[in-house]
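Have a look at the structure below before the remarks.
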Amino acid sequence: MDDREDRSWREGPKYSFKIIVLGSKGVGKSSLLKRFQFDEFEDVPSHTIGVGFSTHNITIGCDSVQLTLWDTAGEERFKSLTSQYYRNADAAIVVFDLTSKKSFEEVRDHWIHAFRRVVGSTAYVALVGNKSDLLEERRVDKNMFEEFASLYCIHPWETSAKDATNVQELFKSMAKELIERVAQLQSLDSAPDSLFLHNVPDNPRSDLYSYCCSYT
């Protein structure tokens with residue numbers, strides 16, 4: 001940790017975000033977290049039973065950020081259990097396996113809808129196609145993946161927990177976006193009442209993240 005990072009942490013984290021990691025069994029959720037937190041990878045990782053919890057600290061610019069990471073089991077028998085932990089989440093990382101079309105279909109048919117039913121449609125969601133290193137085994141077309149992400153206003157990523165492709169970038173981009181959302185909420189709360197007299201929807205926050213589809 002350099003001097004700038006050390007100064008940013010002296011009074012604890014400026015921001016703290018709850019992140020839920022979702023997806024079917026075997027897509028690499030735990031492997032992504034292990035690569036992000038420890039820069040390690042296991043060829044035969046253990047499967048999560050129920051829900052696992054950990055924290056990880058990062059620095060975005062001059063801001064200290066604590067991420068509380070909830071690693072959920074993807075098996076059918078745990079779905080009702082893990083959904084209990086969605087509440088108050090700031091974001092979800094929804095993972096599928098690029099070599100498994102079925103895992104993508106389960107994201108499409110279950111995981112995103114289950115999360116948004118609890119936290120609302122404006123919550124930050126990253127859709128992550130993992131195992132991008134397995135080029136010859138790929139079964140999910142890139143265009144289909146990105147069109148689906150655009151339709152649901154979610155942020156598409158392709159990662160490899162094995163070779164670390166885009167893993168750090170995924171989490172740092174997500175943290176940066178969440179910080180920007182906090183700043184926007186604070187600006188709404190601190191603005192003079194006169195600023196809200198004209199052309200404002202009944203619930204200003206409901207439209208706050210209407211830009212969500214303009215990802216790059």
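Remarks
- Any hit, region 16-30, residues being under 20 Å from Ile179 (Cβ atoms), modelled with pLDDT under 95 and in a loop (DSSP other than H, G, I, E, B): no
- Residues within region 118-148 that are under 13 Å from the mean Cα position of the chain (by Cα) and among the small types (Gly, Ala, Ser), tallied: 3
- Here His198 clears all of (1) at pLDDT below 95; (2) buried (at least 19 other Cβ atoms within 10 Å of the Cβ); (3) in a loop (DSSP other than H, G, I, E, B) except the condition numbered (2).
- Subset of region 152-162 (residues that are outside any strand (DSSP E or B) and within 30 Å of Arg87 (Cβ to Cβ)): Tyr152, Cys153, Ile154, Thr159, Ala161
Residue-by-condition table, conditions (1) surrounded by 17 or more Cβ atoms within 10 Å (Cβ to Cβ); (2) in contact with a Pro (Cβ under 7 Å, 6 or more places away or on another chain); (3) among the aromatic types (Phe, Trp, Tyr):
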position: Thr122; (1), (2), (3): no, no, no
position: Ser132; (1), (2), (3): yes, no, no
position: Glu136; (1), (2), (3): no, no, no
position: Ala149; (1), (2), (3): yes, yes, no
position: Trp157; (1), (2), (3): yes, no, yes
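- Region 108-151, residues that are assigned to a loop (DSSP other than H, G, I, E, B) and either aliphatic (A, V, I, L, M) or closer than 15 Å to Phe96 by Cα (or both): Ala123, Lys131, Ser132, Asp133, Leu134, Arg138, Arg139, Val140, Asp141
- Condition check for Phe115: within 14 Å of the chain's Cα centre (by Cα), at pLDDT 95 or above and not acidic (Asp, Glu): no
- Odd one out for Thr99 among (1) in a helix (DSSP H, G or I); (2) surrounded by 17 or more Cβ atoms within 10 Å (Cβ to Cβ); (3) polar (S, T, N, Q): (1)
- Any chance Val94 is farther than 24 Å from Ser160 by Cβ, surrounded by 16 or more Cβ atoms within 10 Å (Cβ to Cβ) and modelled with pLDDT of 90 or more: no
The values are calculated or read from the model by the stated rules, or taken from the named source; none is laboratory data. Not measured: the values here are computed from a predicted model. With ideal geometry, Cβ positions are generated from the backbone for all residues, glycine too; neighbour counts draw on all protein chains shown.
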